[in-house]
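Below: the structure, in structure tokens.
Quick note: the coordinates plus some simple rules give every number you see, no bench work behind them. The shown structure was predicted, so the numbers you read here are calculated from the model rather than taken from an experiment. Cβ atoms come from the backbone with ideal geometry, glycine included; neighbour counts cover every protein chain shown.
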Amino acid sequence: MLFYIVKRLGLALLVALTVSFLAYMLVFLSGDPALALAGEGARQADIEMVRKTYGLDRPIPVQYADWLGKLVRGNLGMSVYFKTEVGPLVLDKLGTTLWLGLAALGVALVISVPLGVLAAIYKNSWIDRLCLGVAVLGQALPNFFFALLLMMLFSITWRLLPVSGSGTWQHFVMPALALGYYAAPAFMRLIRAGMIEVLGADYIRTARAKGLPPATVVFKHALRNAIVPVVALAAVQLGFLLGGSVVIETIFALDGLGYLAYQSITYKDFPVMQIIVLLLSVIYVLLTLAADVANAWLDPRIRVA
């Protein structure tokens, strides 16, 4: 098990290093960063001064090595637009995005677990087709459009929830619903497939033959085993939710990393953009590593292979 963890950790470090290089190269994908920082009407002398001030006149490998060295020492740079250090700025917004991601994950599980269990129990019936239809709708409906529907219904028509902001827990209800409903189908299909397989196992037939109540058979014996893969998937899905919160945070004006990313793109704040992309990517890599370790711990066949 220790060898497996070390191997996966080494692979995760290589992925994180690759992601850091790609995050740094984002600055150059949109054109000349010196021109973007100086402004469209800047003179050539001003552009050259900006290029020299930010070290953009050096070879790209040298710039990347210098940037990576500063990251290792905890120096994340200065924001061009906000005129403050990038580290405290990003960390201040990280909590909002984490709370939104966890809330959306909870919504996804609350929706998917009952639907998956019902679809498995009533396999190939109209209930199964209805549950699958709800799951398909969740993936087919864009989350930004669903967010606008929620906003019109709960904020404008019924006036039950605030339309924007992140001051109270009520501000997270609609964003979590919009983000979590999109992630629910993946859990629902996995739970349905696992439940169908488990419900046909010999020990389930034995439990039924002993006269155990149906609810005990389904939830105590079947669901406990069928939900094991969901634990690993939840870690991966949380990474997707954190990375996919940019649109939802922008729509609801949540003061998190997603909204900060939108602002940094709008104002061409390259240092902030780089750190946000790198941070979310590293979080996803760590969550994937945790999922791999959890799978290996739950299933010895994986670490043996």
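When the chain is fully extended, how far beyond the present Cα-Cα distance does residue 231 get from residue 35, taking 0.36 nm per residue of separation?
Working: separation 196, 0.36 × 196 = 70.56 nm, distance 4.71 nm.
That works out to 65.8 nm of additional length.
List the residues whose amide H sits under 5 Å from the amide H of residue 78, counting only those 5 or more places along or on another chain, with H placed 1.01 Å from N in the peptide plane.
86
Taking neighbour Cβ counts within 10 Å as the exposure measure, how do 67, 297 sort from fewest upward? Don't jump to the answer; show the numbers that get you there.
Numbers: 67 20, 297 14.
Ascending Cβ contact count within 10 Å gives the list 297, 67.
For a quick check of your reading of the filter: which trypsin sites (Lys or Arg not before Pro) in the range 98-176 sit in a DSSP loop and have no more than 14 other Cβ atoms within 10 Å?
Answer in residue order: 123, 159.
Can you pull a Stokes-Einstein diffusion coefficient for the chain at 37 °C (0.692 mPa s), Rh from Kirkwood over Cα pairs, as a whole number of µm²/s? Numbers along the way, then the final one.
Numbers: Rh = 22.2 Å.
The Stokes-Einstein estimate is 148 µm²/s.
Which helices, taking whole DSSP H runs in the chain, have alpha carbons extending 27 angstrom or more along the helix axis plus mean Kyte-Doolittle at least -1.0?
Details: long enough: 2-29 (40 Å, 2.08); 86-121 (51 Å, 1.82); 173-199 (35 Å, 1.21); 270-298 (42 Å, 1.97).
Qualifying helices, which must be both long enough and hydrophobic enough, are 2-29, 86-121, 173-199, 270-298.
Once you have the Cα-Cα distance between residue 129 and residue 82, take 0.36 nm times their residue separation minus that, and quote the gain in nm to one decimal. Provide the component values of the computation, followed by the final result.
Values: separation 47, 0.36 × 47 = 16.92 nm, distance 5.11 nm.
Length difference between fully extended and current span is 11.8 nm.
So how far, in whole Å, is the C-alpha centre of the range 237-272 from the one of the range 147-206?
Value for the Cα centre distance between the two parts: 21 Å.
In a GNM of the chain with a 10 Å cut-off on Cα contacts, which of 16, 140, 261 has the highest mean-square fluctuation?
Maximum fluctuation in the GNM of the chain, among the listed residues, is at 140.
DSSP loop (so not H, G, I, E, B), at most 16 other Cβ within 10 Å: list which trypsin sites (Lys or Arg not before Pro) in the range 50-106 pass both filters. Provide the component values of the computation, followed by the final result.
On the way: sites: 51, 52, 70, 73, 83, 93; in loops: 73, 83.
When the trypsin sites (Lys or Arg not before Pro) of the range 50-106 are filtered for loop state and at most 16 Cβ neighbours within 10 Å, 73, 83 remain.
Order of 164, 264 from fewest to most other C-beta atoms within 10 Å?
Details: 164 13, 264 26.
So the residues, fewest neighbours to most, are 164, 264.
With each pseudo-label sitting 7 Å past Cα toward Cβ, what's the residue 263-residue 110 distance in nm, one decimal?
Here the answer is 2.9 nm between the modelled labels.
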